[in-house]
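K.L.:
Take a look at the following structure, please.
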Amino acid sequence: MTDSENNLIEQCYAYFDGAMTPDEVETFLSQLKNNPEARQLFDQLTQLHQELKNQALVEPPAGLEDRILGALEQEHAVLSLETIRRRRMLPLKAVAALLLGFGVGAVFYFNLLTPQGDSPQVANHASGKPPVIAEVPRPTKVSLPRKPQLTPAQLAMQPTPSPFRIRPTQGVFPSLTPIQSLIPSPTLANIASAEDTQWDDSFETLYYGVEDLNAQVAFYDEALAGEFPNIN
Amino acid sequence: MQTAAIAERTHDDVTLIQLSLSASPGAFNQLVRRYLKQVYSFNYHFVQDVQMAEDITQETFLRAFRALNRFDQTRPFKPWLFTIATNLCKTALKKNQSAPLLLDDDAVEGNILENIEAPQAREDSISDEGLQRVMHQALENLSPSVRQAMILRHVHDLAYEEVAEAMDANVNTVRTWLKRGRESLKIYLETHGGLNQ
């Protein structure tokens with residue numbers, strides 16, 4: 001096949017494809033009129049083109065269409081079933097989501113209403129079991145102000161404190177003696193040099209013991225003053 | 001219902017696709033009827049086996065139906081359908097060892113030349129049945145790529161770009177295939193009496 005034949009074949013297919021401009025079509029058709037060999041080739045290609053179109057289309061076997069339509073029907077049924085299942089599951093999913101949301105909301109609301117810190121948390125109340133007192137955080141221990149430590153020498157130099165308004169008895173209560181005489185001075189020194197907590201506890205006991213004693217003394221003072229105005 | 005049936009008969013591909021997507025399965029059946037012969041012919045010429053062509057044709061329509069919601073409706077339906085068919089044919093040929101032996105273009109051209117040089121009893125005019133047989137032989141002697149390009153372009157009237165898209169190939173490659181196919185077909189038919197001299 002020569003180059004001119006190849007070019008002519010390409011021109012013919014460009015003509016079949018409608019890929020030519022009007023001017024090119026006019027030139028091509030005039031070439032076919034003037035060149036019998038080109039005209040013959042064009043006729044052959046036209047026949048080939050038409051035969052290719054006619055013969056290449058093969059009639060499908062009988063029953064293939066029904067087979068395909070049946071398969072499509074099954075496919076559609078499967079898809080429809082899935083759609084129906086999804087639609088049926090939708091209310092259940094909605095209810096489940098609603099219940100879950102309600103539960104979460106209830107827990108949140110309950111937590112908001114429960115006082116925090118002051119009262120112990122009560123758990124397992126609804127289960128019938130005895131209520132369990134949740135652990136409450138222990139309050140921070142507050143120590144009393146620390147008494148300045150004094151050396152035994154300083155203690156000896158200090159005048160004997162007289163917090164008790166105890167006057168020398170005049171025979172009414174001969175057994176009542178000044179409290180400082182009950183506490184030996186080494187004990188005070190021991191208290192002052194003891195550990196903080198121990199010292200604090202001892203001092204507290206001592207302090208409140210003295211307060212009580214002081215109250216008793218005041219009570220007896222008032223009683224004596226009322227019943228025995230002649231005293232003092 | 002009657003209106004939908006009329007629409008299925010008369011509407012274009014896009015309308016039928018839209019009807020199919022809107023839960024009207026009969027619309028897709030119409031698409032099957034419209035393209036069954038073309039798809040089957042395409043598959044048959046590709047794999048050259050009746051049973052395989054039937055199976056691939058069914059699978060082509062099933063896959064198209066499943067993927068219909070992903071189809072770009074701004075583009076033509078037929079090239080998309082042939083793209084699915086092409087991929088299925090290629091997969092089937094890879095799996096099946098009894099696929100056409102002529103997979104190499106050079107081998108095909110050699111085969112054509114051999115047939116041309118072989119003495120053949122030519123007839124000035126051959127019957128339709130004979131012409132059909134000669135045309136089938138001519139097509140079968142083309143390489144698969146050239147044959148598919150020829151069929152898509154000249155039988156199914158796809159544009160060059162659509163052929164390239166369906167075959168997952170470059171447009172210039174498609175042009176080359178078509179040029180080679182036309183020349184080979186002409187030579188074969190001239191030699192075997194398929195064309196009037």
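The values are calculated or read from the model by the stated rules, or taken from the named source; none is laboratory data. Everything numeric here is computed off the predicted structure, so don't read it as measured data. Every residue, glycine among them, receives a Cβ derived from its backbone with ideal geometry; neighbour counts consider all protein chains shown.
K.L.:
Working only within the range B:54-73, note down all residues that are more than 8 Å from chain A (Cβ to nearest Cβ) and either in contact with a Gly (Cβ under 9 Å, 6 or more places away or on another chain) or not acidic (D, E) (or both). Steps first, please.
P.N.:
Applying the first criterion (more than 8 Å from chain A (Cβ to nearest Cβ)) to the range B:54-73 yields B:55-56, B:59-60, B:63-64, B:67-73.
Hits for the range B:54-73 are B:I56, B:T60, B:R63, B:A64, B:A67, B:L68, B:N69, B:R70, B:F71, B:Q73.
K.L.:
Inspect all residues belonging to the range B:29-42 and state whether any of them is modelled with pLDDT of 80 or more, outside any helix (DSSP H, G or I), within 14 Å of another protein chain (Cβ to nearest Cβ) and farther than 24 Å from A:H76 by Cα.
P.N.:
Initially, the range B:29-42 is screened for residues modelled with pLDDT of 80 or more, giving B:29-42.
This time we only want the ones that are outside any helix (DSSP H, G or I), so: none.
No, that holds for no residue.
K.L.:
Keeping to the range B:49-64, report how many residues are crowded, with 20+ Cβ neighbours inside 10 Å and of a type outside the set (S, T, N, Q).
P.N.:
So the count comes out to 5.
K.L.:
Considering only the range B:128-169, state which residues are more than 12 Å from chain A (Cβ to nearest Cβ), in contact with a Pro (Cβ under 8 Å, 6 or more places away or on another chain) and not small (G, A, S).
P.N.:
If the condition is that a residue be more than 12 Å from chain A (Cβ to nearest Cβ), in contact with a Pro (Cβ under 8 Å, 6 or more places away or on another chain) and not small (G, A, S), then B:P144, B:E162, B:E165 are the ones that fit.
K.L.:
What pairs can you find where one residue is in the range A:148-160 and assigned to a loop (DSSP other than H, G, I, E, B), the other is modelled with pLDDT under 75, and their Cβ atoms are less than 7 Å apart, with a gap of 6+ or different chains?
P.N.:
Once the first residue is assigned to a loop (DSSP other than H, G, I, E, B) and sits in the range A:148-160, its partners that are modelled with pLDDT under 75 give A:Q149/A:A192; A:Q149/A:S193; A:L150/A:A192; A:T160/A:Q180.
K.L.:
Are there any helices (runs of 4 or more DSSP H) wholly within the range B:94-197 with 1 or more residues that are at pLDDT 85 or above, and if so which? Even if it seems obvious, please write down each step before you answer.
P.N.:
On the way: elements: B:105-117, B:128-140, B:144-150, B:160-167, B:171-191.
Once the helices (runs of 4 or more DSSP H) in the range B:94-197 are filtered for at least 1 residues that are at pLDDT 85 or above, what remains is B:144-150, B:160-167, B:171-191.
K.L.:
Would you please list the contacts, defined by Cβ atoms under 7 Å and residues six or more apart or on different chains, that run from a residue in the range A:19-37 that is at negative phi to a residue that is aliphatic (A, V, I, L, M)?
P.N.:
A:M20/A:A14; A:F28/A:M20; A:Q31/A:A38; A:L32/A:A38
K.L.:
Under 6 Å by Cβ, and 6 or more places apart or on different chains, what pairs join a residue from the range B:131-153 that is without any contact (Cβ under 8 Å) to a residue 60 or more places away in the chain with one that is surrounded by fewer than 21 Cβ atoms within 10 Å (Cβ to Cβ) and not β-branched (V, I, T)?
P.N.:
B:Q132/A:Q55; B:M135/A:E51; B:M135/A:Q55; B:N141/B:N111; B:S143/B:D105; B:V146/B:R180
K.L.:
Taking the residues in the range A:6-57 that are of a type in the set (D, E, K, R) and surrounded by fewer than 13 Cβ atoms within 10 Å (Cβ to Cβ) as candidates, determine which candidate is nearest to the other protein chains (Cβ to nearest Cβ).
P.N.:
Here is the first cut: in the range A:6-57, the residues of a type in the set (D, E, K, R) are A:10, A:17, A:23-24, A:26, A:33, A:37, A:39, A:43, A:51, A:53.
When the remaining residues are screened for being surrounded by fewer than 13 Cβ atoms within 10 Å (Cβ to Cβ), the result is A:23, A:26, A:33, A:37.
Working: A:D23: 22, A:E26: 23, A:K33: 20, A:E37: 12 Å.
Across the range A:6-57, the extreme among qualifying residues is A:E37.
K.L.:
Turning to a different aspect of this structure: Tell me which residues, restricted to the range A:1-58, are assigned to a loop (DSSP other than H, G, I, E, B) and more than 23 Å from B:A138 (Cβ to Cβ). Can you show your working first?
P.N.:
Within the range A:1-58, the first condition is being assigned to a loop (DSSP other than H, G, I, E, B), and the residues that meet it are A:1-2, A:18-21, A:35, A:57-58.
Listed by number, the residues that qualify are A:G18, A:A19, A:M20, A:T21, A:N35.
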